[in-house]
Amino acid sequence: MGAIAYFEEIVTTDKRIQELKESSQTVVGIFCNFVPEEVIYGLSAIPVRLCSGDIELARVGEEVFPRDVCSLVKASVGMAVSNNPLFELVDLVVIPTPCDAKKKLCSILSSYKQVHVLQLPPSKHEIEAQLFWIEQVWKLKSELERLTGKKLSKNGLKDAILLLNSRNQAFMRLLEIRKLIPPVISGKEALMVTIASFYDDVERWIKMVHLLCEELEAKYNHNQFICDNSAPRVLIIGAPLIYPNLKLMDIVESNRAIVVIDDLCSGTQRLYQPVIVKEWSMKEMIRAIAERTLLPSMCPCFVENYDRINRVHQLVEEFQIDGVIYHNLRICPLFDIESALIYNELKRRNIPCLVLSTDYTYEDTQQIRNRVEAFFEMILSRIAGSKRSGYTIQKLK
Ligand code: SF4
Ligand code: SF4
């Protein structure tokens, strides 16, 4: 079995649920990327990210949550209501508070499971906000110690940081390969890799990512590209795409284009940043973990916008992007407001951008397909005749 088939198996089957059922370890359900997984691993517990892209779960969620809430949160409620096997396994749910919907999710889910609320500051860069967030990480540590009946040791936390930093290194190796021209991996395949990291055994995941990188390097050396040099190179940003809701990715990649990079919290953002520790004291490790979970986040829940725009620009340059697609999850005011800001800024910088508002349903598939096709027509006319400066395997070394 190739490495991609392995990641698909983790995402699309109940293989991992069976493994977790047989394990005696404490399982902690988490939402978003704000939850510091290092603290969970440091106490020999296992984090599983519960965010779901399942339309059926979102419909079930409507039984107890208003219809006019984003599909992501409704699907999370649906997990609880329908006794979803992954949700059933968790001993505690940790929920950050990026928006009103997630705040209310805390109260709804507390009828089903023990919930710990991670209060998010409204800003990332204010010193008071950072101190507040560090305090939240200390509180989570105490809660997890109570849950597991263990005391977090310095060595336990250090080992967890090193383990997750090696996960980050494996992921960065894959990101470099995604810069290759022509490409050797599709955006959908790459997304399966990060989504598998939501719940997979972390050491096995790291090993399989390195295997995938070796397979992809061999493909490149044998000229086994997935498309030629002329295919539009796309960056997807905005609201997370989560299995099985890969509608947008499927539409884009069935249209002669390739998503060479994303900046989604379910994708690249999830594993982009290592924990940078100055010394191995408990206080410094907690500070560094808090920094990793707060500062690199591109979630629109924060007041600041400029770092998100700069990040998009950086990815456009690094990955030789021809066009940006902004995925706006319907009924989310945060993404909606931000999409206009990003669109206008990219327009000012002469970077083509298409904003698409959708949800987990399929009724708008044809309409989205038409808009994507028109966008690519425009992009193709811009890139016709322009020569790409190839990014080659030698540059990876
Ligand atoms: S975009 Fe923000 S709030 Fe939404 S799932 Fe991602 S991190 Fe959480
Ligand atoms: S998509 Fe918007 S409304 Fe939904 S959880 Fe994320 S920030 Fe909240």
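Values in this text are rule-based calculations from the coordinates and carry no lab data. Just so we're clear, the structure is a prediction, and the values are computed from it rather than from any experiment. Virtual Cβ from ideal backbone geometry, glycine too; neighbours counted across all protein chains shown.
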Exercise. Consider PRO96 carefully, then state whether it is within 11 Å of ligand 1 (Cβ to nearest atom) and either among the polar types (S, T, N, Q) or on the phi < 0 side of the Ramachandran plot (or both).
Key: yes
Practice problem: State all residues of segment 2-34 that are small (Gly, Ala, Ser), over 23 Å from TYR112 (Cβ atoms) and not in a helix (DSSP H, G or I); if no residue qualifies, say none. | Solution: GLY2
Quiz item: In segment 344-371, what residues are in a helix (DSSP H, G or I) and either over 27 Å from ALA75 (Cβ atoms) or within 16 Å of ligand 1 (Cβ to nearest atom) (or both)?
Solution: ASN344, GLU345, LEU346, LYS347, ARG348
Quiz item: Scanning segment 63-80 for residues that are within 19 Å of SER357 (Cβ to Cβ) and touching a residue at least 12 places away in the same chain (Cβ under 8 Å), which turns out surrounded by the fewest Cβ atoms within 10 Å (Cβ to Cβ)?
Solution: ASP68
Quiz item: (1) within 21 Å of LYS15 (Cα to Cα); (2) in a helix (DSSP H, G or I); (3) within 14 Å of ligand 2 (Cβ to nearest atom): which one isn't true of SER52, the others all being true?
Solution: (2)
Quiz item: Name the residues in segment 35-48 that are in contact with an Asp or Glu (Cβ under 9 Å, 6 or more places away or on another chain) and either farther than 30 Å from GLY156 by Cα or outside any loop (DSSP other than H, G, I, E, B) (or both), would you?
Solution: TYR41, GLY42, ILE46, PRO47
Quiz prompt | Condition met for GLN119 (touching a strand residue (DSSP E or B) at 6+ places or on another chain (Cβ under 7 Å), more than 30 Å from LEU235 (Cβ to Cβ) and among the polar types (S, T, N, Q)) | solution = no
Quiz item: Say we look at segment 286-312 and pick out the residues that are buried (at least 19 other Cβ atoms within 10 Å of the Cβ) and of a type in the set (Ser, Thr, Tyr); which of these is nearest to ligand 1 (Cβ to nearest atom)?
Solution: SER297
Quiz item: Got at least one residue in segment 322-332 being part of a helix (DSSP H, G or I), under 25 Å from VAL184 (Cβ atoms) and away from ligand 2 (no atom under 16 Å from the Cβ)?
Solution: no
Quiz item: Do we find that PHE65 is farther than 27 Å from GLU38 by Cβ and aromatic (Phe, Trp, Tyr) in this structure?
Solution: yes
